[in-house]
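Take a look at the structure below.
The values are calculated or read from the model by the stated rules, or taken from the named source; none is laboratory data. Values in this document were obtained by computation on a predicted structure and should not be read as measured data. Glycine gets a Cβ as well: all are built from the backbone with ideal geometry, and neighbour counts include every protein chain shown.
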């Protein structure tokens, strides 16, 4: 499911959300082995890390157009018009990030930082904690990885 489809779908169940996140982080390679995958010859997750960094830059640019940002646009329609290309790029990046698989600890950390940047940290505490124990544990994992 693309990001554009996901934002129009109903929210997943907490079991599906937690299970999907756990599978993302542990599928195929254990989280303990992730750190050992990094080599002096380069990071196998370099592309994923770059995608996540660009995703974060898009989010920061989108936020700059709000009243608290560096280049505020007060008119909602004008602001949305300025943000739209960034939002579309961010959706494309999210799809590529979703299609990638982290094979190093740094790749998993880059993905967690993208989550926290996108949601301003509020997602971890405000949304996930409402899901009960699953959400609390997932929030702790994201916070740990994001640093």
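One line per residue, one yes/no per condition, for (1) surrounded by fewer than 16 Cβ atoms within 10 Å (Cβ to Cβ); (2) over 13 Å from the mean Cα position of the chain (by Cα); (3) under 15 Å from residue 49 (Cβ atoms):
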| position | (1), (2), (3) |
| --- | --- |
| 65 | no, yes, no |
| 104 | no, yes, yes |
| 107 | no, no, yes |
| 110 | no, no, yes |
| 135 | no, yes, no |
Is it the case that some residue within the range 71-83 is in contact (Cβ under 8 Å) with a residue 40 or more places away in the chain and surrounded by fewer than 18 Cβ atoms within 10 Å (Cβ to Cβ)?
-> no
Checked the range 21-33 for anything crowded, with 16+ Cβ neighbours inside 10 Å and either modelled with pLDDT of 50 or more or farther than 14 Å from residue 107 by Cβ (or both); matches are 21
In the range 93-104, anything part of a helix (DSSP H, G or I) and in contact (Cβ under 8 Å) with a residue 12 or more places away in the chain is listed as 93, 94, 95, 96, 97, 98
Which numbered condition residue 60 fails, given (1) more than 20 Å from residue 116 (Cβ to Cβ); (2) under 19 Å from the mean Cα position of the chain (by Cα); (3) loosely packed, with under 15 Cβ neighbours inside 10 Å = (1)
Output yes when any residue across the range 112-132 is surrounded by 21 or more Cβ atoms within 10 Å (Cβ to Cβ), within 12 Å of the chain's Cα centre (by Cα) and in contact (Cβ under 8 Å) with a residue 40 or more places away in the chain, and no when none is.
-> yes
